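Contents: one structure, followed by commentary.
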Amino acid sequence: ETGVTQTPRHLVMGMTNKKSLKCEQHLGHNAMYWYKQSAKKPLELMFVYSLEERVENNSVPSRFSPECPNSSHLFLHLHTLQPEDSALYLCASSQEVVRGLDNSPLHFGNGTRLTVT
Amino acid sequence: TQLLEQSPQFLSIQEGENLTVYCNSSSVFSSLQWYRQEPGEGPVLLVTVVTGGEVKKLKRLTFQFGDARKDSSLHITAAQPGDTGLYLCAVSGAGSYQLTFGKGTKLSVIP
């Protein structure tokens, strides 16, 4: 296993369901991120974790709940989502948290394509 | 948050042609990254530029950072179908965790 792995690749869920997205990185990185990619919009940063501590919550609704049990794993727990939450959810990691001139490059997973019906 | 404008939004060209895509901002940024996202995959970093006027080459790809560090361009020589994808530029602000992305240029290279 190399790089950043996301599961599942595709997910269809109803508005009342509860599901979780999983991300695992095998790069020994200290920072992990959740991004949302919607059609016709730039990539939107949702959450940032540095050494398992959340350092950024970018005004994300509470129906999205992240969890980082260790520096290699990141989860995004979903509940009572809306149809407008349908998007590609991308996990990324970097050696250190991206901050200003410290441009540790991001390594992305292939994403989970989420459809909320 | 710095707003990044990427142009063109879509580009469809024949194999062997040359092309240039652009990333512009009204603000100065300390560094800029270019990523390529192929269909069904996540973005992959191509290059980071940090110095105004800097030019970097990656095989048939040439990246330029504007002298004023407000803009950047990506030039592809003799495009190939494998170059097809979404090209994203991204910048970070000083002291911020936020890596701001543009909407991207969707490139299709037709065999």
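With small (Gly, Ala, Ser) and more than 8 Å from chain A (Cβ to nearest Cβ) as the only criterion, which of B:Ser30, B:Ser108 stands out? Steps first, answer last, please.
On the way: B:Ser30 fails: more than 8 Å from chain A (Cβ to nearest Cβ).
Only one candidate passes the filter, namely B:Ser108.
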Residue check for A:Lys36: under 28 Å from B:Gln6 (Cα atoms) and part of a loop (DSSP other than H, G, I, E, B): no
Members of region B:12-21 found to be within 13 Å of the chain's Cα centre (by Cα) and open to solvent by 40 Å² or more (accessible area, probe 1.4 Å), listed by number: B:Thr20
Any hit, region A:71-89, residues being within 11 Å of another protein chain (Cβ to nearest Cβ), touching a Leu at 6+ places or on another chain (Cβ under 7 Å), open to solvent by less than 40 Å² (accessible area, probe 1.4 Å) and not in a helix (DSSP H, G or I): yes
Qualifying residue in region A:37-51 (condition: away from chain B (no Cβ under 14 Å), within 30 Å of B:Phe10 (Cα to Cα) and either open to solvent by 10 Å² or more (accessible area, probe 1.4 Å) or over 14 Å from the mean Cα position of the chain (by Cα) (or both)): no
Test: residue in region B:91-99 that is within 12 Å of B:Leu4 (Cβ to Cβ), among the hydrophobic types (A, V, I, L, M, F, W, C) and open to solvent by less than 60 Å² (accessible area, probe 1.4 Å): yes
Pairs where the first residue, in region A:7-22, is in a strand (DSSP E or B) and modelled with pLDDT under 95 and the second is open to solvent by 50 Å² or more (accessible area, probe 1.4 Å) and of a type in the set (D, E, K, R), C-beta under 7 Å, 6+ apart: A:Met13/A:Lys19
Scan of region B:4-36 for residues that are closer than 15 Å to B:Val109 by Cβ and of a type in the set (S, T, N, Q), ordered by number: B:Ser12, B:Gln14, B:Asn18, B:Thr20
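The values are calculated or read from the model by the stated rules, or taken from the named source; none is laboratory data. As the structure is a computational prediction, the values presented were derived from the model and not from experiment. Positions of Cβ are backbone-derived with ideal geometry, glycine not excepted, and every protein chain shown enters the neighbour counts. Quick note on the areas: whole protein, heavy atoms, side chains included, nothing else; ligands and nucleic acids left out. Shrake-Rupley method; radii C 1.70, N 1.55, O 1.52, S 1.80 Å.
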